[in-house]
Amino acid sequence: MRTAKKGSILIFDDHYTLDEFACEKWKEIGEGAMRERGVFTAAVSGGTSPVGFYRRLAASGKEINRQSTHIFFADERFVSKKNRESNYRMVKENLLDRAGFPSRNVHAVSIEKTSALSAVKYERSVKIFFKIKKGGFPKFDLIMLGLGADGHTASLFPGNKTLQERKRLVVSVSDSAVKTERITLTLPVLLNARNIIFIVKGGEKAGVVKEVLRSKRSFLPAAMVKRSRGNIYFLLGRAVFSVPKKKKISIDK
Ligand code: 6PG
């Protein structure tokens, strides 16, 4: 397996190889977490880019320890779990139903009467699981993120007031960029993760990827996440970043 150190940008000729690399990283990070702490905590995202990765991961055999892996959600749409927009539904269909993670290890956002209530409830469940004391933040072993063409990641949108949040772990979001309200982990939680993997596919993101990776002062949400002290990997499809060959480049934090 190719190794990638803290702060790597990897460009892949095809999505199959990208997804395969993401699976290897998941396994490596998971094994390390289980060795050190006995448990592996990962938060996953919605969108279309991670679908191939989820399917490949689900097809992995015994090398993935399902019993000690706990799966959370980086963000969710405020819709019923059966709705086609639901991230839970997408992850369930492509990963959970196929992989056999015990249901008690899947920590979905429960959809309450309002998105604000859903955020409070999800935050409480995260705090209980991670045994968070007042003012503390969870340390996820891995957060899988995507990137929107406007620079959003999870459900943190450019210029949205939720980006200013410094105390809460989870907030509800409404933004003109999206029709449905969202529930998202906050920036301090993302920045506190041990590892972050961005999976970015789609040529329409070329411009924003350039800004996110190159600018040290950008206030685009994904660029803000890039300042994380943890390990961060940008796995980019060829169309996103046109350089002649698969390459490893370092990130300007
Ligand atoms: C969601 C996300 C969101 C996503 C980006 C990229 O629920 O939609 O978590 O942040 O990762 O919008 O989406 P694509 O992979 O579909 O481009």
Segment 104-127 - residue that is part of a helix (DSSP H, G or I) and under 17 Å from residue 68 (Cα atoms) and, of those, most open to solvent (accessible area, probe 1.4 Å): 104
Cβ-Cβ under 8 Å pairs, at least 6 apart or on other chains, segment 76-103 side assigned to a helix (DSSP H, G or I), far side of a type in the set (S, T, N, Q) and within 15 Å of the ligand (Cβ to nearest atom): 87/45; 89/83
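Within the group 141, 175, which residue is touching a helix residue (DSSP H, G or I) at 6+ places or on another chain (Cβ under 6 Å) and of a type in the set (Asp, Glu)? Spell out how you get there, then give the answer.
Numbers: 175 fails: touching a helix residue (DSSP H, G or I) at 6+ places or on another chain (Cβ under 6 Å).
Just one listed residue meets the conditions, 141.
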Enumeration of residues in segment 113-147 that are among the β-branched types (Val, Ile, Thr), away from the ligand (no atom under 16 Å from the Cβ) and within 18 Å of the chain's Cα centre (by Cα): 126
Filter result for residue 43 (within 11 Å of the ligand (Cβ to nearest atom), at pLDDT 95 or above and aliphatic (A, V, I, L, M)): yes
Residue in segment 232-239 that is buried (at least 16 other Cβ atoms within 10 Å of the Cβ), in contact with a helix residue (DSSP H, G or I) (Cβ under 8 Å, 6 or more places away or on another chain) and within 26 Å of residue 127 (Cβ to Cβ) present: yes
Strands (runs of 3 or more DSSP E) contained entirely in segment 148-243, each with at least 2 residues that are in contact (Cβ under 8 Å) with a residue 12 or more places away in the chain and more than 22 Å from residue 129 (Cβ to Cβ): 195-200, 231-237
Selection count, segment 148-185, where residues are crowded, with 21+ Cβ neighbours inside 10 Å, within 26 Å of residue 236 (Cα to Cα) and more than 13 Å from the ligand (Cβ to nearest atom): 0
Residue list for segment 86-105, filter: closer than 13 Å to residue 54 by Cβ and touching a strand residue (DSSP E or B) at 6+ places or on another chain (Cβ under 7 Å): 87, 88, 91, 96, 101
Sole exception among (1) more than 30 Å from residue 34 (Cα to Cα); (2) modelled with pLDDT of 95 or more; (3) within 13 Å of the ligand (Cβ to nearest atom) for residue 200, by number: (1)
Residues being open to solvent by 10 Å² or more (accessible area, probe 1.4 Å), not small (Gly, Ala, Ser) and not in a helix (DSSP H, G or I) - total across segment 11-44: 3
Residue check, residue 219 of a type in the set (Phe, Trp, Tyr) and surrounded by fewer than 18 Cβ atoms within 10 Å (Cβ to Cβ): yes
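The values are calculated or read from the model by the stated rules, or taken from the named source; none is laboratory data. Not measured: the values here are computed from a predicted model. Backbone-built Cβ (ideal geometry, glycine too); neighbour counts: all protein chains shown. When the accessible area is computed, the model is the full protein with side chains, heavy atoms only, and any ligands, DNA or RNA have been set aside. Shrake-Rupley method; radii C 1.70, N 1.55, O 1.52, S 1.80 Å.
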